[in-house]
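Data first, discussion second: the structure below is written as structure tokens.
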Amino acid sequence: MTVNVLLFKITLLTYFAATIFYLIGVISRKDSVRLAAIWLLSGGFVLHCSTLAARWFASGITPVASLYESLSFFAWALVGIYLIFYLRYRTIMLGAFITPLALVLMIIGSAAPKQTPALNPMLDSWWFPVHVTLAFLGHAVFAIAAAAGIMYLLQERMLKSKKFSGLFYRLPSLDTLDSMNYKCLTFGFPLMTMGIISGAIWANSAWGGYWRWDPKETWALISWFLYAALLHGRLTVGWRGRRAAIFAIIGFAFLLFTFFGVNLFLSGEHSFRNFTGQ
Amino acid sequence: MSKAQSFTDRLWDFFCSLKLAIVTLILLALTSVIGTVIEQNLAPQEYMQKYGMSQSTYKTLDALQFFDMYHSYWFLSLMGLFAVNLICCSIKRLPRIIKTVRNPVLVADDGLFRTFSNKEEIVTKGSVESVRDKLVARLGKKFASPVVTEQDGKVYLFAQKGAFSRFGVYVTHSSILIIFLGAMIGNVWGFKAYVNIVEGKAVNQVWARGGQQPIPLDFAVRCDNFEVTFYEGGRPKEFSSDLVVLENGREVLKKTIEVNDPLSYKGLTFYQSSYGPAGDPVYQFRVRNRATGETADVMGQQGRHLPLPGGAALIPMGYAESYQNFGPAAQVSLDSGDHKHGTPFIVFQNYPQFDEKRGGEFAVTLLGVQQSYYTGLQVAKDPGVWVVWLGCLLMVLGSCSAFFLSHRRIWVSIQPLEKGIGVKLGGAAHRNQPGFTLYFDELTKDFDDALSS
């Protein structure tokens, strides 16, 4: 087992432990459990950074070229963005949604083949790391928006039914959740825009066309249209709360399809099959 | 007359409406899915085979332009509607924004103060003039130099920052129109083509994608050399072509292109995109007669019978750049003089001893294979591409300034009261209200300190 795969497995175990602490943290009264969760997750993130660095050094290519690598990278972006949000909003409970998602991505990744793929020469470009980093950071920010959306709907249901569980007091207020939703949009949208544009610049230098209606491009554009609609709904028509929360969840479902569905089910330049020139 | 007026008004309102923008965005999103599910631009029989379509289903979908939907009339109309909506929205809102920025309200009366969500009142000592000077200095240092207006014995200050961020939205919107414009320029005056050039040869025309007629060039492109390197598994790792541009037979430009690094000349760009063998490869072998120990070198093309001393012949049948991680290999068979092919076997370039183990009359080693290649180039002419990049740049700048910068304004009124001087502070920001509230509280605290010292 190579160093980077070993590190990956340790990272996965750390995330697993963090997930357990988060889930206990949802029902437990003790703050120490939740604090342990955030520390475990931070430790896992540092390990994850070294995992990616080790793989980058070992293969010499941005480690986002196979299913395994891109799942790991997505989980990394997700945890990183969550930790930044934690520093800003101090909402530990957000982690109870994000950490399991990161863990699931890591578990699926661990089942995928791990050897470094023989890459299509097209991927040998500086636009590759730029493009994938922007795109995945955008995905991660929108994942936070979706998690905030789920928390919003949960919180609102408890308020309406007047049945308050312990969770109610640990979740942020509806206002905070709604403002998180907007914050995510303001960061996610430019990141996504830059992700699409960097992809277009790269495509132009590799293939001689900045836009080819490749399924991945099209699905990214579809998600972009949806988030643009949400943005205008929020800023000008005055959508907030429940509607914005539901929209953020739907938008993220589209993004997940852009990531998984397109690479696995639809053909095109972004399928992993194509990356390795098979 | 009034009825016609109201119709145009209604039409104008329709095109200006944000509901239309949201509906168009969602429609564009949903219809775009079609083209990712149905593969685009295939031949009719491919659709019927691949998707099990009947003739009539095919005809219906074809009439709806589902097989080239991103260039269909209905999709382009939707895009057009989106563009018209953007333009109308901007025309409707922009003048008001320009007015807000260029002719700001300098004098904040009590009515205006009531509308501020951030306000503070301070009563202090001194004269109107001394308070004014202190606050002008403080505001200039902490925020922005204020405009001072004196009216009816009262003094009004107004200062603003980041007014240009109001235009971020319009920059973003116009960037979309600029990208559309770039795409149209590319579609009208540009083309996409391809050309294959055999090593050592030159071409002066390229083939339009999907077209039958060649596009003539007013210069020629020669490929001097083509190189390809392989991974151990035999997949291409990198390939490159040494290209030379010729004007009337004279070399004017030389460049080695590879994937991601094209050659541009006179508005045309040549991209390395594929390669393939040109003609049959030429093989070189060393053959040793195992009985006599005599060796001979033979050379020739694939499929030929290469005569060996003693009447037999060696027939090269095929080769691989990398055969099962053992490097270059050739498949050959022996003709022992009866003009028939013997059982084929594999010989390697990097393992000369390998064939000794086979037994038989001759031991064969591969010395080398010379394969000349053609290089496959995509050729694109797109005079609109820089317009598109300009649009992209504006989109990034515009959306970042729209999201992260805010137009912040501060109004102050200073008036003499029965006891001392009354100072009213008010502030507004068009984005990030919570952040501005914190800033405003800090600012008023600073003013309070400055006035009481």
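Placing a pseudo-label 7 Å from each Cα along the Cα-to-Cβ vector at A:Ala58 and B:Phe113 gives an inter-label distance of 6.9 nm.
Based on DSSP H assignment, which helices of chain A show an axial Cα extent of at least 20 Å together with a mean Kyte-Doolittle hydropathy greater than or equal to 1.0?
TM-like helix candidates: A:3-27, A:67-89, A:95-111, A:127-161, A:241-256.
The mean sequence distance of close C-alpha pairs (under 8 Å, at least 6 residues apart), as a share of the length of chain B, puts its relative contact order at 20 percent.
The B:Arg304 and B:Asp224 beta-carbon pair, evaluated with R₀ = 25 Å, returns a calculated FRET efficiency of approximately 0.35. Checked against a 22 Å cut-off, the cross-linked pairs A:Lys9/A:Lys183; B:Lys19/B:Lys99; A:Lys9/B:Lys237; B:Lys142/B:Lys445 give Cα-Cα distances beyond that limit for A:Lys9/A:Lys183; B:Lys19/B:Lys99; A:Lys9/B:Lys237.
Longest segment of chain A with no trypsin sites (Lys or Arg not before Pro) in a DSSP loop having at most 13 other Cβ atoms within 10 Å? List each step's numbers first, then the result.
Values: sites that count: A:Arg29, A:Lys30, A:Arg90, A:Lys162, A:Lys163.
Looking at chain A, A:164-278 is the longest stretch - no exposed trypsin sites (Lys or Arg not before Pro) with at most 13 other Cβ atoms within 10 Å.
The alpha carbon centroids of region B:365-391 and region B:26-55 are separated by 29 Å. Do any of A:Lys216/B:Lys50; B:Lys134/B:Lys419; A:Lys216/B:Lys254; B:Lys161/B:Lys424; B:Lys92/B:Lys141 go past 26 Å between their Cα atoms, and which? Pairs exceeding the cut-off: A:Lys216/B:Lys254; B:Lys92/B:Lys141. Based on C-alpha pairs under 8 angstrom that are at least 6 apart in sequence, region B:2-95 has a relative contact order of 43 percent. Let me know the mean shielding of A:208-219 by other chains, meaning the per-residue number of their Cβ atoms within 10 Å of its Cβ. The shielding value for this peptide is 6.
Rounded to the nearest 0.05, the FRET efficiency derived from the C-beta distance between B:Asn103 and B:Asp448 at R0 = 25 Å is 0.20.
Note on A:Lys30: lysines with a C-alpha under 23 Å away, same-chain residues under 8 apart excluded, are A:Lys163. Between B:Gln40 and B:Glu418, the contour length at 0.36 nm per residue exceeds the alpha carbon distance by 128.0 nm. Label-to-label distance, B:Leu64 versus B:Asp338, with points set 7 angstrom from Cα along the beta-carbon direction: 6.6 nm. What's the center-to-center distance, using Cα atoms, between region A:1-63 and region B:232-305 in Å? Region A:1-63 and region B:232-305 have Cα centres separated by 48 Å. Mean separation of Cα pairs under 8 Å and 6 or more residues apart, divided by the residue count, gives region B:279-412 a relative contact order of 21 percent. Result for chain A in a Gaussian network model with C-alpha springs under 10 Å: among A:His48, A:His131, A:His139, the largest mean-square fluctuation is at A:His131. Of all complete DSSP H helices in chain B, those with a Cα span along the helix axis of 15 Å or greater and a mean Kyte-Doolittle hydropathy of 1.0 or more are B:18-37, B:168-189, B:385-404.
Local charge for B:Asn41 was computed over the other residues whose Cβ lies under 12 Å away, with Lys and Arg +1 and Asp and Glu -1, and equals -2. Take each residue in B:15-23, count the other chain C-beta atoms within 10 Å of its C-beta, and the mean is 3.
Coordinate-derived values only; no laboratory data. A quick note: this is a predicted structure, and the numbers were derived from the prediction, not measured. We place every Cβ from the backbone using ideal geometry, glycine too, and count neighbours over all the protein chains shown.
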